[in-house]
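Below is one structure; the comments refer to it alone.
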Amino acid sequence: MSDADHEAFNSYFDMFVSQEITVWRDFHSYWMDPDPLIPTFVVRYEDLLSSPKDTLMDLFRFLLNTENLEGTLIESLIAHHTKKGTKKQVYKPRVGKINANYNKYSSSQIKQMKKVCFLFHF
């Protein structure tokens, strides 16, 4: 949302945020259940950006149900594709930054998010 649109529709945005906080909490509570019906592994986009190798290694340990990937093809592929300067891409993410829209939320909206979504740490 552009700054101009955000300013023009701020009252609607405030209503939207208030409604969606609960929807977001309920949705995430379902799949973040401490006793899920199926094994669950959460990958955060921020972690993929900040430490892709560690995040992918953790993911594949989970997927392959193993503690150690040392010496495996998976380990070598992850090392190859996460080393600095690697230009190969299968997926090109949209241009964006972590918390790029944080300034769109008022302090009262952020407080409301934290209150309603107390299970999730912001």
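Figures for the structure shown
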quantity: Quarter of the Cα convex hull surface for segment 7-46, i.e. its orientation-mean projected area (nm²); calculated: 4.2 nm²
quantity: Helix 73-82 vs. the chain, principal-axis angle (Cα, 0 to 90°, nearest 10); calculated: 50 degrees
quantity: Cα long-axis angle, helix 10-31 against the chain (0 to 90 degrees, to the nearest 10); calculated: 40 degrees
quantity: Angle between the chain longest axis and helix 52-63 axis [Cα atoms, degrees, rounded to 10]; calculated: 80 degrees
quantity: Neighbour cut-off at most 15 other Cβ (10 Å), DSSP loop, trypsin sites (Lys or Arg not before Pro), segment 1-100; calculated: Arg44, Lys83, Lys84, Lys87, Lys88, Arg94, Lys97
quantity: Lysine pair number, Cα distance threshold 22 Å (strictly under), the chain, separation 8 or more or different chains; calculated: 15
quantity: Mean ellipticity per residue at 222 nm, deg cm²/dmol - from DSSP H runs of n ≥ 4 across the chain, formula -39500 (n - 2.57); calculated: -16500 deg cm²/dmol
quantity: Given 10 as the ceiling on other Cβ atoms within 10 Å, longest exposed-site-free region of the chain for GluC sites (Glu not before Pro) in DSSP loops; calculated: 1-66
quantity: log₁₀ of I(q)/I(0) at q = 0.18 Å⁻¹ - the chain, Debye sum with one point per alpha carbon; calculated: -1.10
quantity: Distance (nanometres) between label positions extended 7 Å along Cα→Cβ at Glu7 and Asp35; calculated: 5.3 nm
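Bear in mind these aren't lab numbers, they're just calculated from the coordinates by the rules spelled out. This structure is a prediction, so every number in the text was calculated from the model and none was measured. A quick note on method: Cβ atoms are made from the backbone with ideal geometry, for glycine too, and the neighbour counts reach across all protein chains shown.
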